């Protein structure tokens with residue numbers, strides 16, 4: 001196996017896909033349902049978002065950062081191809 005980088009990239013891609021499908025999508029759907037159930041108009045002066053909305057937003061933010069990190073790792077592996085000399089070594 002001279003292309004461990006490819007196997008690692010495939011595993012990272014599959015884990016990012018599963019995470020986005022089974023974690024991010026349900027959280028985003030629940031956040032949208034919460035936002036749609038809120039009364040229209042701006043919130044009262046000095047009031048922030050409801051705690052559940054803030055918590056879901058934080059979860060989505062951290063999940064997005066994880067997915068971004070996985071995409072960067074995949075890109076680095078696909079461009080750098082560690083261990084693949086391609087006749088230069």
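The values are calculated or read from the model by the stated rules, or taken from the named source; none is laboratory data. What you see is a predicted model, and the numbers here were worked out from it, not measured in a lab. Ideal geometry is used to build each Cβ from the backbone, glycine not excepted, and the neighbour counts take in all protein chains shown.
Before moving on, here are some points about what is shown:
- Residue among 87, 57, 48 that alone is modelled with pLDDT of 95 or more and out of contact with any helix residue (DSSP H, G or I) (no Cβ under 6 Å at 6 or more places or on another chain): 57
- Residue check: residue 5 meets all listed conditions (1) surrounded by 15 or more Cβ atoms within 10 Å (Cβ to Cβ); (2) modelled with pLDDT of 95 or more but one, namely (2).
- Test result for residue 21, within 24 Å of residue 73 (Cα to Cα), at pLDDT 95 or above and surrounded by 10 or more Cβ atoms within 10 Å (Cβ to Cβ): yes
- Failed criterion for residue 82 (all others in (1) within 17 Å of residue 11 (Cα to Cα); (2) at pLDDT below 95; (3) within 20 Å of the chain's Cα centre (by Cα) hold): (3)
- Hits in region 34-53 - residues which are surrounded by 11 or more Cβ atoms within 10 Å (Cβ to Cβ) and in a helix (DSSP H, G or I): 34, 35, 52, 53
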